[in-house]
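Report on the following structure.
The values are calculated or read from the model by the stated rules, or taken from the named source; none is laboratory data. Please read these numbers as outputs of a predicted model, since none were measured by experiment. When we count neighbours, we look across all protein chains shown, and the Cβ atoms used for this are built from the backbone with ideal geometry, even at glycine.
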C-alpha cells in the first residue's frame with residue numbers, strides 16, 4: 001500500500017532561519033512520482049515540485065531545495081532564509097506510475113506540516 | 001478561466017439535506033479529481049474523471065456521494081442526506097493529462113453539516 005508520512009505536525013522558526021520539512025513514503029511500485037504542495041490560508045494547494053523515482057538529483061529553486069533519497073524513501077524539503085510569506089501548510093504527496101491502465105495519477109498525501117515563520 | 005474555480009466557497013447544510021458542489025476546471029484539462037480534506041488532515045482522494053468518464057470512484061466514502069462530469073468540463077459532486085462526518089473541505093483539481101502531470105487545485109468548498 002502507498003503511504004506518505006510527515007512526522008512534523010508543526011514547526012515554528014524565526015525569519016531568516018533555514019528549515020527542513022521531512023517526508024517519508026512507502027510504495028511497492030518501482031516507478032512513482034513525488035510532489036510537494038503548499039497550502040496557504042486561502043486554501044488552494046499550490047504546486048511546488050514533481051520528481052520521478054528515476055531522478056535522484058537534488059533540486060534547487062531559489063530559496064527552496066529538495067533532497068530525494070531512494071535508499072531511505074525520503075523526499076525532504078528545505079527552505080533557506082525563511083520569510084513570513086513562507087508560513088503555510090506543506091504537503092508531500094505520492095503518485096504511482098502511468099504504466100498501469102488503472103493508474104489515474106491520484107495523489108496520496110501526507111498529513112501536512114504547518115510552518116510558522118515569525119518576524 | 002485562469003484557474004480551477006469552485007462554488008460555493010462555503011456551504012452550511014442541515015443534517016439530512018442534499019448538497020451539490022461545483023467545479024470548473026481549467027479549460028482543456030482532461031483529468032479532474034475530487035478530494036476531501038478533513039480539518040488538520042491531508043486531502044484524500046474521492047474520485048477521478050478522464051473527460052466525461054468516471055474512471056475511478058474508489059475513494060467515495062458511501063453511496064450517498066455521487067459525482068458527474070457530463071460534458072467533460074464542469075463537474076458536480078453531490079452528497080445526499082448529509083451527515084456531520086461529511087463536514088470537510090472538498091477540493092477539486094484538474095490536469096492536462098493523467099500521466100502524473102502537475103495538478104492545479106481550486107480553493108475548495110468548505111462544507112459544514114449542522
Would you pick out the residues in region B:2-35 that are under 14 Å from the mean Cα position of the chain (by Cα) and within 11 Å of chain A (Cβ to nearest Cβ)?
B:4, B:5, B:6, B:9, B:10, B:31, B:32, B:33, B:34, B:35
Criterion first (more than 8 Å from chain B (Cβ to nearest Cβ) and assigned to a helix (DSSP H, G or I)) does residue A:89 satisfy it?
no
So which residues in region A:51-60 are surrounded by fewer than 17 Cβ atoms within 10 Å (Cβ to Cβ) and in contact with a strand residue (DSSP E or B) (Cβ under 7 Å, 6 or more places away or on another chain)?
A:52, A:56, A:58, A:59
Looking at region B:33-47, is at least one residue modelled with pLDDT under 95, surrounded by fewer than 18 Cβ atoms within 10 Å (Cβ to Cβ) and over 24 Å from residue A:4 (Cβ atoms)?
no
Being under 18 Å from residue B:48 (Cβ atoms) and buried (at least 21 other Cβ atoms within 10 Å of the Cβ) is the filter here; which residues of region B:71-88 pass it?
B:75, B:77, B:79
Evaluate region B:54-66: report whether one residue or more is crowded, with 21+ Cβ neighbours inside 10 Å and either within 11 Å of the chain's Cα centre (by Cα) or within 13 Å of another protein chain (Cβ to nearest Cβ) (or both).
no
Return yes or no: is residue A:101 at pLDDT below 95 and more than 9 Å from chain B (Cβ to nearest Cβ)?
yes
Where residue B:93 falls short, out of the listed (1) in a loop (DSSP other than H, G, I, E, B); (2) within 11 Å of the chain's Cα centre (by Cα); (3) facing chain A (nearest Cβ under 8 Å):
(1)
Do you know which of the residues in region A:20-73 that are closer than 17 Å to residue B:105 by Cα and without any contact (Cβ under 8 Å) to a residue 12 or more places away in the chain is farthest from the other protein chains (Cβ to nearest Cβ)?
A:46
Looking at region A:12-37, which of its residues are surrounded by fewer than 18 Cβ atoms within 10 Å (Cβ to Cβ) and not in a loop (DSSP other than H, G, I, E, B)?
A:12, A:13, A:14, A:20, A:24, A:26
Considering only residues that are assigned to a loop (DSSP other than H, G, I, E, B) and either surrounded by fewer than 16 Cβ atoms within 10 Å (Cβ to Cβ) or away from every other protein chain (no Cβ under 14 Å) (or both), which ones fall in region B:100-114?
B:102, B:114
